[in-house]
Every structure is written in C-alpha cells, then in structure tokens.
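Let me begin by presenting the structure, written as structure tokens, before commenting on it.
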Amino acid sequence: MSRVYRGLTPQFKVFIQLSAMTLGGCIWAEKRVNEYLDLVRKVKRAERAEAEAEAEGWR
C-alpha cells in the first residue's frame, strides 16, 4: 500500500472504494445496454427484410 493511501481516513477509503465500484457498475451497465440495443436493431432489421421479401412475393 502506498503511504498516501495509508494516511487517509477510513471514511475516505470507503468513499474511494464505493466510487470505484459505482463507476465499474455504470460502465458495465452501459455496455449491456449497448449490446441490447444492437440486438434489438438486428432483430428489427431481420423482421423488416423478411416483411419486404414477403411483400415482394405477393406481387
């Protein structure tokens, strides 16, 4: 452990740890939301292509 960290108060150490965990959670959540949105876009694109192909088949 560094001398600087050792000299901090326990309350501030807890604050630093919680801040790091919160930031990590936000980054993870952002990644998961982007993955979900990509999946939704992919599904909608496939549905749209299928509907267009079906519409052309009726002509």
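Computed from the coordinates by the stated procedures, all read-outs in this text should not be read as laboratory data. Just so it is clear, the structure is predicted and the values come from calculations on it, not from any experiment. Note that each Cβ is placed from the backbone with ideal geometry, even for glycine, and that neighbours are counted across all protein chains shown.
Which one of these does Leu8 not meet: (1) loosely packed, with under 10 Cβ neighbours inside 10 Å; (2) outside any helix (DSSP H, G or I); (3) of a type outside the set (Asp, Glu)?
Result: Leu8 fails condition (1) only.
Do we find that Leu39 is outside any helix (DSSP H, G or I), surrounded by 10 or more Cβ atoms within 10 Å (Cβ to Cβ) and free of Cβ contacts under 8 Å to residues at least 24 places away in the same chain in this structure? Steps first, please.
On the way: outside any helix (DSSP H, G or I): no; surrounded by 10 or more Cβ atoms within 10 Å (Cβ to Cβ): yes; free of Cβ contacts under 8 Å to residues at least 24 places away in the same chain: yes.
So Leu39 does not fit the description; no.
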